[in-house]
Amino acid sequence: MRGLGLTACLTALLLAAAAPALAQTKERPLPPTAPVADDALSAALETGRLTEAEYALERARSLFQLPRVRQAFGDVVRPPAHDATLILRDLAVRLQELRGKDRSVAEAILARPTSGNVPIGHAYSTASRFTCGSDTCIHWVETTADAPDMTVTIPPDDIPVWIDTVQSTWEDVWAQEIDQLLYRAPLDDGSSKQTDGPSGGDKRKLDVYVLDLGEDGLFGYCAPLTGDLTTAVYCVVDNDYTPLQYGQSQTPEAFLQVTSAHEFHHASQAAYDFQEDYWLLEGTAANMEETVYPAIDDNVTFLNFWSPLSRPSSPLDRGGFGNSEYGSWIFWRFLQEKIGGDPAIVREIWERADAYDPSPLPADDPPDDYSLEAARHELTERGLGFADVFASFATTNRLLDYADAEDAGYPSVPLTKTFKVGQQNPVRRWRSWKISHLAARVFSFKPGRQVPADARLRVATRLPAHGAVVTLIVVEADGSTATRRLERGDKGYARGSARFGHGVVKRIEVVLSNGSTRMRSCWTFLGPPSYSCFGRSRDDHRVFELRGKLIP
């Protein structure tokens, strides 16, 4: 099915025609605005110069008119290349709070590119075409900077090769994520467009618009059509992913593939709950890149900046400056590889987070768990305790025991402290460290040269009451490893010993993990960083104590 879209229609009319809102199933405030940077816009929000809705508008405006926002507010950071989806989500959920010119600008930013030559955001300034596959419709223009390469086309309809590549990629992503992995399909956008109107396509199919995103430093995004818990979306990708704009770390086709897998998962998430916690939204989307296109390792970049590998002492569910929510994808990968054995476990967690409520009957209400709650409930149903699973996660991270860790170049988990134990210092005194929820620290004991071959090291720990687990990793002289969990006994002590002879054992590592899932102040955002349910943990900064003693 192919046709020609006309650039007409007012932005406001398009938004007014959007799919009917689905009522929220639980009373809860709007999610806080996605953390981008501690800059002049954040300061304006904190001091009351901007309301949350006005802040969301200016942050969205900075995606497209950064110089104008800087002129008005000062030192404003360019939003990271992957943040556009949640920034636009934040604006959509606060649209009703804006009035006058601000409301008009917000509507223009959120409007489809086929809405006409709007003053801000991405919009085609000339007539557009579209081509539809079984599940998606791809839109493009033949002239202006938004056009793909028009020199090579496919007869008989002269479809540009890049558009054909986008079409096949999104159909492949749909087939894998929906047909094979069984995620919920993106919601129909209902009356938000006509089959032959300016939005083009088919209301039952997902619209993907091809534009020049590189000029704004963006990879792609999906924009919601309503501000509700569940909503239809449209998506946008770049018209070539040229190395001049995106660099050479991946080919243009690879950038298209992982961006499509990531953003399409956002389109599916919007059919469950698009106001979920950052680490669930972005972490599972980043993990989907690896799931759909395992040969492309672009998401490993997130592990290097702020992740349970690079910063194990930072809470897993931290959503805040530093793109930590993206680095959390390794947890969902861990569940797939080590707990579920396949990607279904992550989908089942999303089914527990489901807020979609098509039925008015209370008995049919969706679970609507928040992120950490959904994960804990899923593990409980499988007969597993979250704290134990989290301890295994922390140990797996230290060992880098993932299928593609070596080939993809996963970063190593750093040690907090290394202790040398020998004849001159056979006992290391009690030392204490504070560890927050869903965080871990790793310590190392190394045998001195004079330690007998048959010596052992006795490790003693004092643990807090909730979520604390201690795991020993014995690294043999040949580099092989063995792990052992120490049981927590009376008064919080966990003790155990392992062989420690010089030339027999290289070192013994102690993984202290805080797998607490106890949250307080849910749905009351207390400022960045944000955690699960936008609340606070009951078990942050808990004291763990550690001691090692040589047993000759």
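Here are a few things to note about the model shown:
- Toward the positive end of the charge dipole of the chain, with +1 on the Cβ of Lys and Arg and -1 on the Cβ of Asp and Glu, the farthest Cα among Val233, Phe274, Gly327 is that of Gly327.
- Listed values for region 392-400 are Karplus-derived 3J(HN,Hα) couplings in whole Hz (6.51 cos²θ - 1.76 cosθ + 1.60, θ = phi - 60°), namely 5, 4, 4, 5, 4, 4, 4, 7, 6, and x replaces Gly and Pro.
- For region 96-130 versus region 343-420, the spacing of their alpha-carbon centroids is 38 Å.
- Only Lys, Arg (+1) and Asp, Glu (-1) charged, at Cβ; region 417-551 dipole about Cα centre in debye: 420
- Residues Val505, Val475, Val469 arranged by fewest to most Cβ contacts within 10 Å: Val475, Val505, Val469
- Protection proxy ranking, highest mean first, for peptides 535-541, 253-259: 253-259, 535-541, where packing is the per-residue count of other beta-carbon atoms within 10 Å, averaged.
- Surface/4 estimate of mean projected area, convex hull on alpha-carbon atoms of region 329-477, nm²: 12.5
- Around the amide H of Ser537, modelled in the peptide plane, lie the amide H atoms of Arg520, all under 5 Å away and 5 or more residues distant in sequence or on another chain.
- Lysine pairs in region 410-552 with Cα atoms under 13 Å, if 8 or more residues apart or on separate chains: 6
- Neighbour counting of Cβ atoms within 10 Å sorts the residues His122, His139, His262, fewest neighbours leading, into His122, His139, His262.
- Relative to the Cα centre, the charge distribution of region 380-445, modelled as +1 at Lys and Arg Cβ and -1 at Asp and Glu Cβ, gives a dipole magnitude of about 760 debye.
- Scanning residues 5 or more positions from Tyr209 or on other chains, those with amide H under 5 Å from its amide H are His139, Cys235, Val236, Val237, with H placed 1.01 Å from N in the peptide plane.
- Nonlocal amide H pairs with Lys506, under 5 Å, H built at 1.01 Å: Val475, Glu476, Ala477
- Net lengthening on full extension, Leu415/Thr251 (0.36 nm per residue, minus Cα-Cα): 55.5 nm
- Hz values of 3J(HN,Hα) by residue in region 494-510 - Karplus curve (6.51, -1.76, 1.60), Gly and Pro given as x: 9, 10, x, 10, 8, 5, 8, x, 5, x, 9, 10, 6, 5, 10, 9, 10
- Neighbourhood net charge (14 Å Cβ-Cβ; Lys/Arg +1, Asp/Glu -1) for Gly247: -3
- Placing unit charges on the Cβ atoms only, positive for Lys and Arg and negative for Asp and Glu, gives the chain a dipole magnitude near 4160 debye about its Cα centre.
- The distance between label points at Ser104 and Arg431 comes to 6.4 nm (points 7 Å beyond Cα on the Cα→Cβ vector).
- Tilt relative to the chain, helix 161-174 - C-alpha long axis, 0 to 90 degrees, to 10: 50
- Each residue, Ala175 and Glu476, gets one label point 7 Å from its Cα in the Cβ direction; the gap between the two is 4.6 nm.
- Shown is the FRET efficiency for Ala72 and His541, computed with R0 = 30 Å from the Cβ-Cβ distance and rounded to the nearest 0.05: 0.20.
- Computed FRET value (nearest 0.05) for Thr524 with Lys491, which takes r as the C-beta separation and R₀ as 35 Å: 0.55
- Rounded to the nearest 5, the antiparallel percentage of DSSP beta bridges internal to the chain is 85%.
- Rounded Å value of the spacing that divides the Cα centres of region 515-536 and region 289-327: 20
- Fewest neighbouring Cβ atoms within 10 Å first, the residues His466, His82 line up as His466, His82.
- Across region 429-437, rounded Karplus estimates of 3J(HN,Hα) from the backbone phi angles (6.51 cos²θ - 1.76 cosθ + 1.60, θ = phi - 60°) give 5, 4, 10, 10, 9, 9, 10, 7, 4 Hz, Gly and Pro being marked x.
- Gain upon complete extension [Ile551, Thr380; 0.36 nm per residue less C-alpha separation]: 57.7 nm
- Note on Gln96/Arg458: beta-carbon distance plugged into 1/(1 + (r/R0)^6) with R0 of 56 Å gives a FRET efficiency of 0.35.
Rule-based calculations on the coordinates, nothing more; no lab input. Because the structure is predicted, anything quoted here is derived from the model rather than measured. All Cβ positions, even for glycine, are placed from backbone atoms using ideal geometry, and neighbour counts span all protein chains on display.
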